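The values are calculated or read from the model by the stated rules, or taken from the named source; none is laboratory data. Values in this document were obtained by computation on a predicted structure and should not be read as measured data. Cβ coordinates were reconstructed from backbone atoms using ideal geometry, including for glycine residues, and neighbour counts include every protein chain displayed. What goes into the accessible areas is simple: the full protein's heavy atoms, side chains included, and nothing from ligands, DNA or RNA. Shrake-Rupley method; radii C 1.70, N 1.55, O 1.52, S 1.80 Å.
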Amino acid sequence: MATVRGFLHPKTATGRSSLIPSPPWHYSGDLLTVEYRTDPARVAELLPEPLSPAADDPGAVAIIWADWQSCSESGEELLDPVRAQYKECFVVVRCSFEGRTYSRCVYIWVDKDFAIARGLHQGYPKKLGSIHQTRPHPY
């Protein structure tokens, strides 16, 4: 049987077909963040046990739109933007676990399959979506 290589599927003899390269991964991007406050009971509905809304500012929510450039240590995917550029939109809430405050991503959409695969590997609930973000221009 042939040896197959690659960080994630699809794995092949050379490993070049893997959907994402091996970590570490580096990111650069343009982000827009909108913060607001909502009913803490609505935040609680989004948190699995044993998490609870944070004691300090329990209704805090942030929605972030991001236009990312990512790459592995080799940077080889920078030669092909389809393998390295993507957009995402995610929603985070403040939560508490064992007395400490954290930020939890409750929704996240991306526009490329490799971003879904990498995100699921990292523990993010990513789904495919259509994300648009206007770039500012000084004209």
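Key figures
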item: Accessible-area value, residue 105, 1.4 Å probe, nucleic acids and ligands omitted, Å²; result: 20
item: Against the rule of thumb 2.2 N^0.38 Å, how large the Cα Rg of region 1-52 comes out; result: 2.07
item: Ranked packing of 5-14, 31-40, 106-115, most packed first, by mean Cβ within 10 Å; result: 106-115, 5-14, 31-40
item: Helix-derived mean residue ellipticity, 222 nm - over the chain, DSSP H n ≥ 4, -39500 (n - 2.57), to 500; result: -3000 deg cm²/dmol
item: Unit Cα scatterers, Debye sum, region 25-128: log10 I(q)/I(0) for q = 0.21 Å⁻¹; result: -1.06
item: Solvent-accessible area per residue for the chain (1.4 angstrom probe, square angstrom); result: 66
item: Distance between modelled label sites at residue 45 and residue 98, nm, 7 Å Cα→Cβ extension; result: 3.0
item: Solvent-accessible surface ranking, highest first, for 42, 94, 100 at 1.4 angstrom; result: 100, 42, 94
item: Share of carbon and sulfur in the accessible heavy-atom surface of the chain [1.4 Å probe, %]; result: 55
item: Angle between the chain longest axis and helix 113-122 axis [Cα atoms, degrees, rounded to 10]; result: 60
item: For the chain, share of DSSP beta bridges that run antiparallel, in % to the nearest 5; result: 90
item: For region 84-99, 3J(HN,Hα) per residue [Karplus equation, 6.51 cos²θ - 1.76 cosθ + 1.60, θ = phi - 60°, Hz, x = Gly/Pro]; result: 9, 10, 7, 10, 8, 9, 9, 10, 10, 10, 7, 9, 10, 9, 6, x
item: Length gained when the stretch residue 122-residue 134 is fully extended (0.36 nm per residue, less Cα-Cα span); result: 1.6 nm
